[in-house]
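Report on the following structure.
The values are calculated or read from the model by the stated rules, or taken from the named source; none is laboratory data. Please read all numbers here as calculations on a predicted model, not as lab measurements. Using ideal geometry, Cβ is built from the backbone for each residue, glycine included, and neighbour counts are taken over all protein chains shown. Just so you know, the surface numbers come from the protein's heavy atoms only, side chains and all, with ligands and any DNA or RNA stripped out. Shrake-Rupley method; radii C 1.70, N 1.55, O 1.52, S 1.80 Å.
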Amino acid sequence: MCGRFTMTLEAGAVQLQLGLGKMPDDWQPRFNVAPSQPVAVVMDAASRDVSWMRWGLVPFWAKSP
């Protein structure tokens, strides 16, 4: 699966530009985010807090992620 991207901004810059809530303490800029790696997501529109989730899809026939 193709789907790599970059996440090169500092946490404070992302938080300010997007009006986000709490940011993860372990935020690090990354230049090659690949499927199966954690990415920053906003799951609640009200709080706009950022948390980590796994990037990518696992096919139904896979025995393990």
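Observations on the model:
- 3J(HN,Hα) couplings calculated from phi for region 21-36 with the Karplus curve 6.51 cos²θ - 1.76 cosθ + 1.60 (θ = phi - 60°) are, in sequence order, x, 5, 9, x, 5, 9, 4, 9, x, 9, 9, 8, 7, 10, x, 5 Hz; Gly and Pro show x.
- Computed 3J(HN,Hα) for region 39-47, one whole-Hz value per residue from the Karplus formula 6.51 cos²θ - 1.76 cosθ + 1.60 where θ = phi - 60°, is 10, 7, 9, 9, 9, 10, 5, 6, 7, glycine and proline marked x.
- Along its first, second and third principal axes, ordered by size, the chain spans 40, 27, 17 Å in Cα coordinates.
- Coupling constants for region 58-65 follow from the phi torsions by the Karplus curve (6.51 cos²θ - 1.76 cosθ + 1.60, θ = phi - 60°), and in residue order they are 10, x, 4, 8, 5, 6, 7, x Hz; glycine and proline get x.
- Order of exposure, largest accessible area first, which applies to Arg30, Arg4, Arg54 with probe 1.4 Å: Arg4, Arg54, Arg30
- Backbone amide hydrogens, once placed in the peptide plane, bring Trp55 within less than 5 Å of Ser36, Gln37, Val39, excluding anything fewer than 5 places away on its chain.
- The calculated 222 nm mean residue ellipticity attributable to helices in the chain amounts to -3500 deg cm²/dmol, summing -39500 (n - 2.57) over DSSP H runs of n ≥ 4 and dividing by all residues.
- Cα-centre dipole for the chain with unit charges at Cβ (Lys and Arg positive, Asp and Glu negative), debye to 20: 280 debye
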